[in-house]
Amino acid sequence: MILTALYDYYQRLVEERQVPLFGYSEEQISYVLVLSRNGQLVDVQDIRDTSGKKPVPRRLAVPQPEKRTSGVKSNFLWDKTSYVLGVSAKQSDRMHKEHEAFRTFHEDLLREVEDEGLSALLVFLRNWQPEQFDLPLFKSDMRDANFVFRLEGEQRYLHERSVAQRIRANMVSDKSSIERRCLVTGECLPTARLHPAIKGVNGAQSSGASIVSFNLDAFTSYGKHQGDNAPVSEQAAFAYTTTLNYLLRRDEHNRQRLQIGDASVVFWALAKNSASAAQAEDLFAMLADPPTDAQEAAQVRTVLEGIAQGRPFRELRPELDEETRFFVLGLSPNASRLSIRFWQTGTLEVFAKRLAEHYADLLLEPLPWKTPPAIWRLLYATAVQGKGENIPPLLAGEITRSILAGSRYPRSLLANVIMRMRADGEISGLRVALCKSVLARDRRKGVKGIEEEIPVSLDKESANPGYRLGRLFAVLENIQRAALGQQINATIRDRYYGAASATPASVFPMLFRNTQNHLGKLRKDKPGLAHHLERELGEVVDGLGSHFPRNLKIEDQGRFAIGYYHQSNSRFTRPVDDSAGEDSETQQGAKE
């Protein structure tokens, strides 16, 4: 299913001339060796992209590279300097072997070919000595870069010449391959023994990794070796790997790739025409990773609000076909292979609705963000010290899958967020929103034990003990701040939040005793504010039972965080009889 979808998308990319034909691939090339017709080197041209802050290699369609790890194998009509010129930044005997392999490979392949460009290349290779790598044509930073060849006076490269293309076509047609029925196309075609490498997945080998790979005797059965175990034709293997490499390309203009935790996520659409598919991909990119630009963010909000109101998708974006097929693939590294972290397919309308549901579940007032948080941003709230490398790898894939599939969030998400809040004391809006989203979705899905609605904003009528105790904790903290000043080194949140949210009976009685001391101080210094805070405290306490719970289950600990956030961010009005003249920051409470 995955390979078939990639193969179908390849056909669209070929029509748009976005990817090379069978036997070629886009690689990063930095320089061109310009040869005269008698094989003399006349120039070295820098073709790197200089539009950014520093030059970067240009992506060119060249003959597909050989799959090499530790072996010495030459590419056809291009390669790095150790192969092409016999020089490298790493001085070793290997570079001499690599250069000899490049020279011998082309000598054997092109000796009988009648083409002035390819003949010039052979003369160059026969006469070239690594000692000639010197000024003025060469610079030291050219070592280990990729080079191609061009004949003087021509614009096309040697690998683009018609004779070179015919030779390449003959090379990729493996005569020893056994024809089997391809699992992708269903046709009887030569089977690929090894599939081309897939590059660009974060954490995978830099030389590339594979989705389909059999390299041990344990995988041999009934006389089938390597690719014969899962017969995919050479053309189909080239097509799906080329498509993946295109989607995974590291390009600032590539909006079809997202990094979510350790998963490199790619997505694409198949529509009636290329323009409609591109528009669908742009919309999905904006919904999955909301932009910071005000105008684009407004477009995202319009779509999300419209879907939440139940408006038909065709009314919100009439230029898009709501039946456009959409595909989302998450890949993560696993030794020399790639793991499929998740795979989701459906129509654009379905994915848009599921993303809208996700943002509705996250909704919290007051909003802790200017634009809806992207999935990758949510994951940082679950990580130790907020660092990407500390994001639980399995959690990243499970969260993304639940959002795209519209299913329950992983059970570990709520526990992970609560653990982080207890560990570092950071009760951020993003973390509270995650707690709220888990509980809100579980209630919508009819999970047993979550019958009461999860409030979006402050709900003074809610009698849920977890939510009430969270509000109470915020009121007690606000009283402490009012009595001791906003510059207090450590509040009760810093010292007691974890215990208060898990085992209220062990902490709240002590907190109440301290609060009476704080209120006593306020009655002398700021009687108006003291009266207001006492009234607020009484309103919250009246909704509680006669005893504090011994412990709260994990769901109520999530409600505790929500109640704390709502109460902490509620604005208090200035008491009319407050003669002490408290500043607005104190009146507004402990607004984070």
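Considering only segment 35-52, I want to know if a residue exists there that is among the hydrophobic types (A, V, I, L, M, F, W, C) and modelled with pLDDT under 95.
no
If residue 18 passes every condition in (1) out of contact with any Gly (no Cβ under 8 Å at 6 or more places or on another chain); (2) at pLDDT 95 or above but one, which one does it miss?
Among (1) out of contact with any Gly (no Cβ under 8 Å at 6 or more places or on another chain); (2) at pLDDT 95 or above, the lone unmet condition for residue 18 is (2).
Collect the residues in segment 240-281 that are open to solvent by less than 10 Å² (accessible area, probe 1.4 Å) and in a strand (DSSP E or B), keeping them in residue-number order.
Matches in segment 240-281: 260, 263, 264, 265, 266, 267, 268, 269.
Look through segment 83-109, keep the residues that are part of a loop (DSSP other than H, G, I, E, B) and touching an Asp or Glu at 6+ places or on another chain (Cβ under 6 Å), and return whichever of them is nearest to residue 161 (Cα to Cα).
88
Taking residue 458, is it modelled with pLDDT of 90 or more, within 20 Å of residue 372 (Cβ to Cβ) and either open to solvent by less than 10 Å² (accessible area, probe 1.4 Å) or part of a loop (DSSP other than H, G, I, E, B) (or both)?
The answer is no for residue 458.
Scan segment 152-168 and report the pairs whose first residue is within 13 Å of residue 63 (Cα to Cα) and whose second residue is among the polar types (S, T, N, Q) and open to solvent by less than 80 Å² (accessible area, probe 1.4 Å), with Cβ atoms within less than 9 Å and a gap of 6+ or a chain change.
168/64
Where residues in segment 388-412 are among the charged types (D, E, K, R) and at pLDDT 90 or above, which of them is least open to solvent (accessible area, probe 1.4 Å)?
Among those that are among the charged types (D, E, K, R) and at pLDDT 90 or above, it is 398.
Kindly provide the set of residues from segment 1-50 that are acidic (Asp, Glu), farther than 18 Å from residue 164 by Cα and buried (at least 16 other Cβ atoms within 10 Å of the Cβ), ordered by number. Break it down stepwise before answering.
Taking segment 1-50 and keeping what is acidic (Asp, Glu), we get 8, 15-16, 26-27, 43, 46, 49.
If we keep only those that are farther than 18 Å from residue 164 by Cα as well, we get 8, 15-16, 43, 46, 49.
Residue satisfying the conditions is 8 alone.
Hey, any hits in segment 53-65 for a residue that's loosely packed, with under 12 Cβ neighbours inside 10 Å and at pLDDT below 90?
There is at least one residue in segment 53-65 that is loosely packed, with under 12 Cβ neighbours inside 10 Å and at pLDDT below 90.
Of all residues in segment 413-452, which are at pLDDT 90 or above and among the small types (Gly, Ala, Ser)?
415, 428, 429, 433, 437, 440
Would you be able to say whether some residue in segment 132-151 is touching a residue at least 60 places away in the same chain (Cβ under 8 Å) and either of a type in the set (Val, Ile, Thr) or exposed (fewer than 12 other Cβ atoms within 10 Å of the Cβ) (or both)?
The answer is yes, given that some residue of segment 132-151 is touching a residue at least 60 places away in the same chain (Cβ under 8 Å) and either of a type in the set (Val, Ile, Thr) or exposed (fewer than 12 other Cβ atoms within 10 Å of the Cβ) (or both).
Conditions first: (1) crowded, with 24+ Cβ neighbours inside 10 Å; (2) closer than 16 Å to residue 563 by Cβ; (3) at pLDDT below 90. Residue 467 passes all but one, so which condition is the exception?
Unmet condition: (3).
Hand me the list of helices (runs of 4 or more DSSP H) wholly inside segment 325-441 holding 2 or more residues that are under 29 Å from residue 298 (Cβ atoms).
348-362, 375-380, 393-405
Could you please tell me which pairs satisfy a Cβ distance under 9 Å, a separation of 6+ or placement on different chains, a first residue in segment 52-66 that is over 14 Å from residue 171 (Cα atoms), and a second residue that is open to solvent by less than 50 Å² (accessible area, probe 1.4 Å) and of a type in the set (Lys, Arg)?
As it stands, the answer is 59/249, since those pairs meet every condition given.
For residue 291, are the conditions met, namely being assigned to a strand (DSSP E or B), at pLDDT below 85 and open to solvent by 10 Å² or more (accessible area, probe 1.4 Å)?
On the way: assigned to a strand (DSSP E or B): no; at pLDDT below 85: yes; open to solvent by 10 Å² or more (accessible area, probe 1.4 Å): yes.
So residue 291 does not fit the description; no.
Does segment 297-316 include one or more residues that are part of a strand (DSSP E or B), surrounded by 19 or more Cβ atoms within 10 Å (Cβ to Cβ) and without any contact (Cβ under 8 Å) to a residue 60 or more places away in the chain?
The answer is no, given that none of the residues of segment 297-316 is part of a strand (DSSP E or B), surrounded by 19 or more Cβ atoms within 10 Å (Cβ to Cβ) and without any contact (Cβ under 8 Å) to a residue 60 or more places away in the chain.
Any idea how many residues of segment 33-82 are out of contact with any His (no Cβ under 6 Å at 6 or more places or on another chain) and either among the hydrophobic types (A, V, I, L, M, F, W, C) or assigned to a strand (DSSP E or B) (or both)?
The number of residues fulfilling the criteria is 21.
Restricting attention to segment 122-131, and to residues there that are open to solvent by less than 50 Å² (accessible area, probe 1.4 Å) and out of contact with any helix residue (DSSP H, G or I) (no Cβ under 6 Å at 6 or more places or on another chain), which single residue is farthest from residue 47 (Cα to Cα)? Explain how you work it out, then say what you get.
Just the residues of segment 122-131 that are open to solvent by less than 50 Å² (accessible area, probe 1.4 Å), to begin with: 122-125, 128, 130.
Next, from what is left, pick out any that are out of contact with any helix residue (DSSP H, G or I) (no Cβ under 6 Å at 6 or more places or on another chain): 123-124, 128, 130.
Numbers: 123: 24, 124: 21, 128: 22, 130: 22 Å.
Step by step, filter segment 122-131, then rank; the result is 123.
Give the residues of segment 157-195 that are at pLDDT below 85, buried (at least 20 other Cβ atoms within 10 Å of the Cβ) and not small (Gly, Ala, Ser), sorted by residue number.
Matches in segment 157-195: 191, 195.
Enumerate the pairs (first residue in segment 524-545 and within 15 Å of residue 567 (Cβ to Cβ); second residue anywhere and among the aliphatic types (A, V, I, L, M) and surrounded by 12 or more Cβ atoms within 10 Å (Cβ to Cβ)) with beta-carbon separation below 6 Å, excluding pairs fewer than 6 apart on the same chain, so at least 6 apart or on different chains.
Note: pairs meeting the criteria are 533/479; 536/475; 537/475; 540/472; 540/475.
If the requirement is being closer than 20 Å to residue 567 by Cβ, more than 19 Å from the chain's Cα centre (by Cα) and among the basic types (Lys, Arg), which of these qualifies: 411, 422?
Criteria check complete, one pass: 422.
So, in segment 343-371, exactly how many residues are among the aromatic types (Phe, Trp, Tyr) and crowded, with 20+ Cβ neighbours inside 10 Å?
Number satisfying all stated conditions: 2.
From the residues in segment 317-336 that are more than 18 Å from residue 401 (Cα to Cα) and among the aliphatic types (A, V, I, L, M), which one is surrounded by the fewest Cβ atoms within 10 Å (Cβ to Cβ)?
335
Restricting to strands (runs of 3 or more DSSP E) lying wholly in segment 110-194: which have 3 or more residues that are within 19 Å of residue 74 (Cβ to Cβ) and not acidic (Asp, Glu)?
Answer list for segment 110-194: 146-151.
May I ask you to list pairs of residues, at least six apart or on different chains, whose Cβ atoms are under 8 Å apart, with the first in segment 185-214 being under 28 Å from residue 261 (Cα atoms) and the second being open to solvent by 60 Å² or more (accessible area, probe 1.4 Å) and hydroxyl-bearing (Ser, Thr, Tyr)?
Here the result reads 199/206; 207/69, each pair linking segment 185-214 to a residue that is open to solvent by 60 Å² or more (accessible area, probe 1.4 Å) and hydroxyl-bearing (Ser, Thr, Tyr).
Name the one entry in 472, 476 that is open to solvent by less than 10 Å² (accessible area, probe 1.4 Å) and within 17 Å of residue 432 (Cα to Cα). Don't jump to the end; show me each part of the working.
Details: 476 fails: within 17 Å of residue 432 (Cα to Cα).
Of 472, 476, the one residue that is open to solvent by less than 10 Å² (accessible area, probe 1.4 Å) and within 17 Å of residue 432 (Cα to Cα) is 472.
What pairs come up if the first residue lies in segment 262-279 and is within 27 Å of residue 393 (Cα to Cα), the second is part of a strand (DSSP E or B) and small (Gly, Ala, Ser), and their beta carbons are under 7 Å apart, counting only those six or more places apart or on different chains?
As it stands, the answer is 262/332; 263/330; 263/332; 265/330, since those pairs meet every condition given.
The values are calculated or read from the model by the stated rules, or taken from the named source; none is laboratory data. Given the structure is predicted, the values throughout are model-derived calculations rather than measurements. Here the Cβ is made from the backbone with ideal geometry for all residues, glycine too, and neighbour counts use every protein chain on show. For the accessible areas, the whole protein counts, side chains as well, though only heavy atoms, and no ligand, DNA or RNA atoms are used. Shrake-Rupley method; radii C 1.70, N 1.55, O 1.52, S 1.80 Å.
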